[in-house]
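A.B. asks: One structure coming up, written as structure tokens, with questions to follow.
The values are calculated or read from the model by the stated rules, or taken from the named source; none is laboratory data. Please read all numbers here as calculations on a predicted model, not as lab measurements. All Cβ positions, glycine included, derive from the backbone under ideal geometry; neighbour counts span all protein chains shown. The protein model used for the area step is the full one, side chains on, heavy atoms only, and it has no ligands, DNA or RNA in it. Shrake-Rupley method; radii C 1.70, N 1.55, O 1.52, S 1.80 Å.
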Amino acid sequence: MELVIGTKKWSTWSLRPWLAIKRSGLPFTETLVELRQENNMSEAEIRVHSPSGLVPVLKDGDLVIWDSLAICEYLAEKAPGLWPSDPALRALARSAAAEMHSGFASLRGECPMALESEPHVATLSEATHKNIRRIVEGLGGILARSGGPFLCGDWSIADAFYTPVATRFRTYGVKLTDFGDDGKVGAYCQRLLDTPEFKEWEADAK
Ligand SMILES: N[C@@H](CCC(=O)N[C@@H](CS)C(=O)NCC(=O)O)C(=O)O
């Protein structure tokens, strides 16, 4: 399989399936397209691989899958353990991943992933505060049920979806205790940043 991804310091969508494929142990090659090149070069390069004009893309033989969640689902069908085995936890993991996939627009727009940036305290809008409060509430509830250490116990695709969020909280100096966290969501976010897979991605990004 070939996973086509965008610039590692910026591409949150690429990071998610990259973490999942690493965790799966499935063999793959990685093709990197640099984003934000001049003269629409990025778009032209992405179009060579991707019908949507966006990365990530997974190629498996003649099959092309062009959305991060769809790629993760495909990997989960090929390798065991990427979703929790317990049906209730699996449903919660899917809810959390889907909520991230389709929501939190204000946080995503105002706090883009920027692994090259030094952590600093940013002034954020009320809409972003609302997103952060919801993330703390949602993740806190699931962690209380699963007991951790990852969102639904063992590492799962849901954790791939929240790793970019953990980088955003770190980069923009978000103190989760100001948003209702009793410390458990913050500890969970740090755990995401401490995984060997994320550390490898981050080392490549610098
Ligand atoms: N919903 C898509 C979103 C993919 C997306 O927006 N990718 C961005 C990079 S993070 C992209 O390819 N942008 C084109 C560009 O920057 O030229 C997914 O989940 O894969």
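A.B. asks: Of the conditions (1) within 13 Å of Ala160 (Cβ to Cβ); (2) more than 9 Å from the ligand (Cβ to nearest atom), Ser95 clears all except one; give me its number.
C.D. replies: Unmet condition: (1).
A.B. asks: So, in the stretch 89-117, exactly how many residues are of a type in the set (A, V, I, L, M, F, W, C), in a helix (DSSP H, G or I) and in contact (Cβ under 8 Å) with a residue 40 or more places away in the chain?
C.D. replies: Residues in the stretch 89-117 being of a type in the set (A, V, I, L, M, F, W, C), in a helix (DSSP H, G or I) and in contact (Cβ under 8 Å) with a residue 40 or more places away in the chain: 7 in total.
A.B. asks: For the stretch 191-206, which residues satisfy the criterion of being surrounded by fewer than 12 Cβ atoms within 10 Å (Cβ to Cβ) and either assigned to a helix (DSSP H, G or I) or in contact (Cβ under 8 Å) with a residue 60 or more places away in the chain (or both)?
C.D. replies: Those that are surrounded by fewer than 12 Cβ atoms within 10 Å (Cβ to Cβ) and either assigned to a helix (DSSP H, G or I) or in contact (Cβ under 8 Å) with a residue 60 or more places away in the chain (or both): Pro196, Lys199, Ala203, Lys206.
A.B. asks: Hey, could you check the stretch 7-21 for residues that are part of a loop (DSSP other than H, G, I, E, B) and near the ligand (Cβ under 7 Å from one of its atoms) and say which is surrounded by the most Cβ atoms within 10 Å (Cβ to Cβ)?
C.D. replies: Taking the candidates together, the pick is Ser11.
A.B. asks: So for the stretch 121-132 (the condition being in contact with a Cys (Cβ under 6 Å, 6 or more places away or on another chain) and modelled with pLDDT of 95 or more), does at least one residue qualify?
C.D. replies: No, the stretch 121-132 has no match at all.
A.B. asks: Across the stretch 22-59, what is the total count of residues that are part of a strand (DSSP E or B), closer than 30 Å to Ser95 by Cβ and open to solvent by 40 Å² or more (accessible area, probe 1.4 Å)?
C.D. replies: Qualifying residue count, the stretch 22-59: 2.
A.B. asks: Please enumerate the residues belonging to the stretch 50-85 that are more than 19 Å from the chain's Cα centre (by Cα), of a type in the set (S, T, N, Q) and within 12 Å of the ligand (Cβ to nearest atom).
C.D. replies: Within the stretch 50-85, Ser50, Ser52 meet the criteria.
A.B. asks: Could you tell me how many of the residues in the stretch 60-88 are surrounded by fewer than 13 Cβ atoms within 10 Å (Cβ to Cβ) and either part of a strand (DSSP E or B) or among the aromatic types (Phe, Trp, Tyr) (or both)?
C.D. replies: The number of residues fulfilling the criteria is 1.
A.B. asks: Mind checking which pairs have a first residue in the stretch 48-76 that is within 13 Å of Val4 (Cβ to Cβ) and a second that is among the small types (Gly, Ala, Ser), Cβ under 7 Å, 6 or more apart or different chains?
C.D. replies: Every condition considered, the pairs that remain are Val55/Gly6; Val55/Ser11; Val55/Ser14; Pro56/Ser14; Pro56/Ser68; Val57/Ser50; Trp66/Ser50; Trp66/Ser52.
A.B. asks: Further question: Scan (1) of a type in the set (Lys, Arg); (2) near the ligand (Cβ under 8 Å from one of its atoms); (3) touching a Gly at 6+ places or on another chain (Cβ under 7 Å) for the single condition Arg47 breaks and write down its number.
C.D. replies: Here Arg47 clears every test but (2).
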